[in-house]
Number of protein chains: 2
Amino acid sequence: MQPNIFFQHELDRRGFISTATKAAGAALLLNSPLLSFAGTSSTSLNDVTVGEIMDAFIGEVPGAPFSTTVDTLKSGNRDIKVTGIVTTMFATLEVIQKAISMGANFIIAHEPTFYNHADETSWLANDDVYQFKSALLKRHNMAVWRNHDYIHMHIPDGVMTGVVAKLGWTDYYTAQNNIALIPSVTLKELIKHSKQKLGIETVRYIGNTEQACKKVLLMPGAAGGRRQIESISKHQPDVLVCGEIAEWETAEYVRDAQTKGQQLSLIVLGHVASEEPGSEYMAGWLRKKIPGIKVEHVPAKNSLAFM
Amino acid sequence: MQPNIFFQHELDRRGFISTATKAAGAALLLNSPLLSFAGTSSTSLNDVTVGEIMDAFIGEVPGAPFSTTVDTLKSGNRDIKVTGIVTTMFATLEVIQKAISMGANFIIAHEPTFYNHADETSWLANDDVYQFKSALLKRHNMAVWRNHDYIHMHIPDGVMTGVVAKLGWTDYYTAQNNIALIPSVTLKELIKHSKQKLGIETVRYIGNTEQACKKVLLMPGAAGGRRQIESISKHQPDVLVCGEIAEWETAEYVRDAQTKGQQLSLIVLGHVASEEPGSEYMAGWLRKKIPGIKVEHVPAKNSLAFM
């Protein structure tokens, strides 16, 4: 691991140095507001472990810990002492390399590390890419935790909070139904707005670009065709704005709705772009709750280009 | 149903009129080469049923009929006498309306009618779009058969045969491994070629546009992340050309492979465009095997636009 160069700007901004604090323990971390760590002379943030940070977040989630969840450690273990945290959408090889160069040894990712929802790896045992990635993580004793179910079940949902804020819709959004009642714009304007606010090059869409959009059903990520269609059916939005679709499910439903004469459009943002603000939110949560720890949000960036 | 106006050009071209033939039966249809129907005075093609046509195709597939398959009737029944057939990728509302206007009452689609793989409809019972579509099909006594598993297991795979021919790769393609060993081109050229041959406006891709592509892994449709990744791992192609992906599966694998230094690109054609030639193939099969029947391929067209 390299020294603290990477996080220096962050530390300078906050006006303290992590090494100025001394000697912590899991019990204290779990039983106290984490904010109390900042500047507490009895606490060494260098002693904070992966497990303690996981438990601190999970401890805020109603009904947690969950008996069934994909939010497990994909690499490393709970006892690793954290030198710095990177939050991101995907722990891509590039993000891992950046974390290493930054001296961080804990990545909190929103999505899988090994290309499937449950991060099953037995089927990848002989795969070159898997072997390369897992060996790199092991060599650097890097912990990767997926925080998906917990951050969505957190109150507020960290992903939705981040995305809605980035879109400038905080005042228009109702968490209970994922509906943003925005000032009416055309579909074309809505697409431009979403692209600009979320840093997207190109979106896929279905609809008349002049259609008025006011009631937006916002479902970042890949919620699945049935959940997307059931939500459309229930809330009758002007437009579904989502991260990813199965073309043969949601896209075909929207096409049929339009042929039927229904006012319903679809904007597919791309999975990464649609949820990346959730990883920024996570970085903000960590800075607030564990202020001495070194935290950086490293965007996974959009995977796909268009031609 | 309307009269034969729609299929007249097809009938004229073939030099016979379906009504010139008389009196058929399922036993004859199943036991005889269907070609023998053409011009057989004892056969009336107006008496051919949906079930007989299904059975004729299924009868050619090794190991068929399958005990578990999604290739069921989504509307109508086996006993409906066929007035004309439309082949397509999706029995969209628009395709159904065209079939009705053409006087056809049997749609053979490659993909689901009701927005999920198994065409389960209980969850859609109260949905406006589902109700509209199913009522339209019922009102016009329209049969819809999904021919997915059977056409893929047919020898040759009707979809792959159609797609490979459309891409001009018949001489380069090996069915056993889905690999086309094409004359080397850059990724950019391969994208242009695929778009032009398959009538695609925009594709999504990952890769260096100057990368040389010779070994193409061709997987139209939505094979699923695990199958796509396992095939890449096994065959080590220069590029995977596919219909649809889960972004958080295949796209992330390809990104990591590239960061690792592997020469691997990805072209995502779009689901409909990637398999539509399979429905043209099906139309050709019907014309050849049941030459008196009225058959038209109606493209479902790409669902998504880009901005």
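With all protein chains present, how much of the accessible area of region A:61-133 (probe radius 1.4 Å) comes from carbon and sulfur, to the nearest whole percent?
Carbon and sulfur together cover 50 percent of it.
Closest beta-carbon to the B-to-A rotation axis: which chain B residue owns it, and what is the separation in whole Å?
B:306, 3
Quick one: among A:294, A:215, A:234, which has the greatest mean-square fluctuation in a GNM of chain A with alpha-carbon springs under 10 angstrom?
Looking only at A:294, A:215, A:234, the biggest GNM fluctuation is shown by A:234.
Could you sort the peptides B:295-301, A:141-147, A:171-177, B:137-143 by per-residue average Cβ neighbour count (10 Å cutoff), highest mean leading?
A:141-147, B:295-301, B:137-143, A:171-177
Label-point separation (nm) for residue B:212 and residue B:78, each offset 7 Å from Cα along Cα-to-Cβ?
Modelled inter-label distance: 5.5 nm.
Using a label point 7 Å beyond Cα on the Cα-Cβ vector, give me the inter-copy distances for residue A:181 in nanometres, one decimal, shortest first.
Spelled out, the distances from residue A:181's label point are 6.5 nm.
Could you work out, residue by residue across A:84-90, how many beta carbons of other chains sit within 10 Å of that residue's beta carbon, and then give the average as an integer?
Going residue by residue through A:84-90 and averaging, the value is 1.
Taking just the alpha carbons, could you work out the radius of gyration and Dmax for region A:93-186, both in angstroms?
18.0, 53
Could you tell me the calculated FRET efficiency between residue A:193 and residue B:288, based on Cβ-Cβ distance and R0 = 56 angstrom, to the nearest 0.05? Don't jump to the answer; show the numbers that get you there.
Working: r = 52 Å, r/R0 = 0.93.
The formula returns an efficiency of 0.60 here.
Could you do me a favour and compute the accessible area per residue for region A:40-147, 1.4 Å probe, result in Å²?
35
Considering every residue in A:295-307, what mean count of other chain Cβ atoms within 10 Å of its Cβ is obtained?
Per residue, the number of nearby Cβ atoms from other chains is 4 on average.
From the helices alone, meaning DSSP H stretches of at least four residues, give me the mean residue ellipticity at 222 nm for the protein assembly as shown, per-run term -39500 (n - 2.57), in deg cm²/dmol to the nearest 500.
After summing the helix terms and dividing by residue count, I get -10500 deg cm²/dmol.
Would you tell me the mean number of C-beta atoms belonging to other protein chains that fall within 10 Å of each C-beta in A:127-138, as a whole number?
4
With a 1.4 Å probe, how much accessible area is buried between chains B and A, both sides summed, in Å² to the nearest hundred?
Adding both sides of the contact gives about 5300 Å².
Using the 7 Å Cα-to-Cβ label point, sort the distances from residue A:78 to its equivalents in the other copies shortest first and give them in nm to one decimal.
Here residue A:78 shows inter-copy label distances of 5.8 nm.
How much net charge surrounds residue B:73 when only the other residues with a Cβ under 12 Å from the Cβ of residue B:73 are counted, with Lys and Arg +1 and Asp and Glu -1?
Working: positive: B:74, B:78, B:146; negative: B:71, B:79, B:119.
Summing Lys/Arg as +1 and Asp/Glu as -1 gives 0.
Order these peptides, B:269-282, A:118-131, B:93-106, by their mean beta-carbon neighbour count within 10 angstrom, highest first.
On the way: B:269-282: 26.4, A:118-131: 14.8, B:93-106: 20.6.
Ranking, from highest mean packing down: B:269-282, B:93-106, A:118-131.
Extent of region A:170-307 along each principal axis, from alpha carbon coordinates, in Å, largest to smallest?
57, 36, 27
Please compute the alpha carbon radius of gyration of the protein assembly as shown, then divide it by the globular-protein estimate 2.2 N^0.38 Å. Two decimals is fine. Walk me through the numbers on the way to the answer.
Details: Rg = 27.8 Å, N = 614, 2.2 N^0.38 = 25.2 Å.
Compactness ratio reported: 1.10.
Residue B:138 to residue A:97: FRET efficiency via 1/(1 + (r/R0)^6), r the Cβ-Cβ distance, R0 41 Å, to the nearest 0.05?
Approximately 0.10, to the nearest 0.05.
Where is the GNM fluctuation largest for chain A (alpha-carbon springs, 10 angstrom cutoff): A:243, A:284, A:207?
Answer for the Gaussian network model of chain A: A:207.
Which whole-Hz ³J(HN,Hα) couplings does region A:208-217 yield from phi under the Karplus relation 6.51 cos²θ - 1.76 cosθ + 1.60, θ = phi - 60°, glycine and proline marked x?
Ordered by residue, 3J(HN,Hα) equals 7, 5, 9, 4, 6, 10, 10, 9, 9, 8 Hz.
Treating the point 7 Å from Cα along Cα-beta-carbon as the label, what are the nm separations from residue B:126 to the other copies, to one decimal?
5.1
Search the structure for amide H atoms under 5 Å from the amide H of residue A:105, placed 1.01 Å from N in the peptide plane, and list their residues when 5 or more places away or on another chain.
A:83, A:84
Residues of region A:203-220 losing 20 Å² or more of accessible area relative to the isolated chain, 1.4 Å probe, heavy atoms only?
A:204, A:205, A:206
Which pairs break 25 Å Cα to Cα here: A:215/B:301; B:197/B:260; A:74/A:234; A:195/B:98; A:166/B:301; B:74/B:301? Present the calculation step by step, with values, prior to reporting the outcome.
Working: A:215/B:301 28 Å; B:197/B:260 32 Å; A:74/A:234 36 Å; A:195/B:98 36 Å; A:166/B:301 34 Å; B:74/B:301 21 Å.
The answer is A:215/B:301; B:197/B:260; A:74/A:234; A:195/B:98; A:166/B:301.
The values are calculated or read from the model by the stated rules, or taken from the named source; none is laboratory data. Keep in mind the model is a prediction, meaning the values are calculated, not measured. When we count neighbours, we look across all protein chains shown, and the Cβ atoms used for this are built from the backbone with ideal geometry, even at glycine. Protein only, heavy atoms only, side chains kept; ligands, DNA and RNA dropped before computing areas. Shrake-Rupley method; radii C 1.70, N 1.55, O 1.52, S 1.80 Å.
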